[in-house]
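One structure below.
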Amino acid sequence: MFDRRHLLRASGSAAAGALGAAALPAPAAASRTARPPVASDPTAGVTRTLLQEHPSPADGWEAVQTLVRIPRHQESGRHSHPGIEVGYIVRGDVLMEFDDRPPLRLRTGDPFFIPDGAIHNARNVGTVTTMMLSTYVVDASKPLVTTC
């Protein structure tokens, strides 16, 4: 079984799109209407905090719950999971982009479901840091996140 806590803490460069922990640089002086500078990496500052993990009733599977934070103008990066993701937008506005279907606009209070293996990207299109509660039922022998 993989140690998800280690995976979530140590894989920032390996899975920067979904697990990056780099902070945004301090913005330069800008006018009120100018968009603040964004790091060259659109996933900079994105974090996934492990809240809990438990064995699933199905052998070889586990349930993992995380709190994902995506700063303004940033995105998770294209990635997939080895199982399903059931989520809830705690705060913010997200454009959930998929490789195989139209994007889905999600706002505070909206639930979402991502099928096993679906390649997706959560883009913060709002004015605050987005917070998403995500629960995964995944194959315990595979990494939680695979970047694409």
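The values are calculated or read from the model by the stated rules, or taken from the named source; none is laboratory data. From a predicted model like this one, the values you see are computed outputs, not experimental measurements. Neighbour counts run over all protein chains shown; Cβ positions are idealised from the backbone, glycine included. Keep in mind that these areas ignore ligands, DNA and RNA; they rest on the heavy atoms of the full protein, side chains included. Shrake-Rupley method; radii C 1.70, N 1.55, O 1.52, S 1.80 Å.
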Quick one: G45 ticks every box in (1) in a strand (DSSP E or B); (2) crowded, with 19+ Cβ neighbours inside 10 Å bar one, so which box is it?
-> (1)
Out of V90, V145, report the one residue that is touching a helix residue (DSSP H, G or I) at 6+ places or on another chain (Cβ under 9 Å) and either buried (at least 16 other Cβ atoms within 10 Å of the Cβ) or under 18 Å from T47 (Cβ atoms) (or both).
-> V145
If G77 passes every condition in (1) in a loop (DSSP other than H, G, I, E, B); (2) surrounded by 16 or more Cβ atoms within 10 Å (Cβ to Cβ); (3) at pLDDT below 95 but one, which one does it miss?
-> (3)
Pairs under 7 Å by beta carbon, first residue in a strand (DSSP E or B) and at pLDDT 95 or above in the stretch 88-99, partner loosely packed, with under 15 Cβ neighbours inside 10 Å and of a type in the set (A, V, I, L, M, F, W, C), six or more apart or different chains?
-> R91/V128
Quickly run through the stretch 88-110 and pick out the residues that are of a type in the set (F, W, Y) and closer than 12 Å to M131 by Cβ.
-> Y88
Got a number for residues in the stretch 101-137 being of a type in the set (S, T, Y) and exposed (fewer than 13 other Cβ atoms within 10 Å of the Cβ)?
-> 1
Can you confirm whether the stretch 56-65 contains a residue that is touching a helix residue (DSSP H, G or I) at 6+ places or on another chain (Cβ under 9 Å), open to solvent by less than 30 Å² (accessible area, probe 1.4 Å) and modelled with pLDDT of 95 or more?
-> yes
Within the stretch 66-74, can one find any residue that is under 13 Å from the mean Cα position of the chain (by Cα), in a loop (DSSP other than H, G, I, E, B) and not aliphatic (A, V, I, L, M)?
-> yes
